[in-house]
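Structure first, then comments.
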Amino acid sequence: MSDSLAWWDSLRHWGMLITPARLPKEFPDPVEAPSPAVCDLLRREINRVDKPGKGIGSLLDVVFEKVCGMSVGWLKHPNVGREWEVRLPDKQTLRPDRVWQLE
């Protein structure tokens, strides 16, 4: 494994998320390791989710916006309109808490 992907193998993801042998094929361009500040923020949000009554909204914001760089194009609750609702078989409606739109 190349040095640019060694950080992936050092993560504790408790399972085979993506095998290190496939990383070069699936991600041919070098992937930068997250900064220490982003890693700390991610750890803090993961620990916060483990506490009773805490949602995952803040964790998702960190993962999508800070780690993945998807910081533009989000609609978040309560700004997600009714056009995003779907009707379930039991007649209830479900609306996502966040929607990412490509521009």
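On full extension, the segment bounded by H77 and R98 gains 7.0 nm, given 0.36 nm per residue less the C-alpha separation. Evaluated at q = 0.31 Å⁻¹, the base-10 log of the normalised Debye intensity for the range 21-69, with identical point scatterers placed on the Cα atoms, takes the values -1.09.
The 3J(HN,Hα) values that the Karplus relation (6.51, -1.76, 1.60; θ = phi - 60°) gives for the range 72-80 are, in residue order, 10, x, 8, 10, 10, 3, x, 7, 7 Hz. Gly and Pro appear as x. Projected label points at A6 and S58, each 7 Å from Cα along the beta carbon direction, are separated by 3.4 nanometres.
Any read-out appearing in this document is the output of simple, stated calculations on the displayed coordinates, not a laboratory observation. This structure is a prediction, so every number in the text was calculated from the model and none was measured. As a convention, Cβ positions derive from the backbone with ideal geometry for all residues, glycine included, and neighbour counts pool all protein chains shown.
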